[in-house]
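Report on the following structure.
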């Protein structure tokens, strides 16, 4: 049984999304992560007044979704989109589920940013939504800004944006930031913390981008390899 089939059955048994997030028996971390991205992504997609096909398709860039599972994912997305509960309720429940695992919450925020910019730009209401979610997750402003910058369109971001550093920093400091970021967002570490195997694609892409960004900076300063 796939992740999405398990989520469908569990939510049906618990009487809806509220029951899922408030269940006395917490869901597995992988299920909680997947459903949080779906629920918050669906709520955010409505925050700018419309839900586009690009935003829906963005889920397939975050999660590996087999064609056979698309109907289940669609039903979960529609359920979250039409649910009357506010997104802040879900965000608070998620923050409690992943308390002490900031790297998981950062990865979740990264996925939400990816959905928001899928239609070519992040609308003002979407940015406010994302900032509020980050505050509920207790993520520092520096983390929010780092995630925002690395989700800018490729032509608008720099290697420094991807690492969350500035050009005036010396290379040893940038190297330290790069190593810490690469360690926190490494797919193996995140999977061990509960990231669904279906969501590893996004973290693999992010890690490759981070490593490439540091290499560009290193070469631009004519420093020998690490």
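We did not get these values from a lab; they are worked out from the coordinates using the rules stated. Just so you know, these numbers come straight off a predicted model, no measurement behind them. Cβ coordinates were reconstructed from backbone atoms using ideal geometry, including for glycine residues, and neighbour counts include every protein chain displayed.
Put in line by how crowded their Cβ is, counting other Cβ atoms within 10 Å and starting with the fewest, 203, 158 read 158, 203.
Taking 7 Å steps out from each Cα toward its Cβ at residue 61 and residue 14 produces label points 2.9 nm apart. Helix 87-97 and the longest principal axis of the Cα set of the chain meet at an angle near 70°.
Just how many % of Cα pairs in region 3-220 lie over 25 Å apart, if you round to the nearest whole percent? Counting pairs separated by more than 25 Å, the tail of P(r) holds 37 percent. If I fit a long axis through the Cα atoms of helix 102-116 and take the longest principal axis of the Cα atoms of the chain, what angle between them do I get, 0 to 90°, rounded to 10? With rounding to tens, the tilt is 80 degrees. For the chain, the longest principal axis of the Cα atoms and the long axis of helix 200-220 meet at an angle of about 10 degrees. Where only DSSP H runs of four or more residues are counted, the chain gives -21000 deg cm²/dmol as its mean residue ellipticity at 222 nm, each run worth -39500 (n - 2.57). Applying 0.36 nm per residue to the separation of residue 222 and residue 28 and subtracting their alpha-carbon distance, the gain on full extension is 65.2 nm. When the square roots of the Cα gyration tensor eigenvalues are ordered a ≥ b ≥ c, the ratio a/c for region 107-169 is 1.5 or more and a/b does not exceed b/c, which makes its shape oblate. Note on region 1-35 and region 192-215: Cα centroid distance 24 Å, given to the nearest whole angstrom.
Of interest is the spacing of the C-alpha centroids, which for region 164-180 and region 59-129 amounts to 30 Å.
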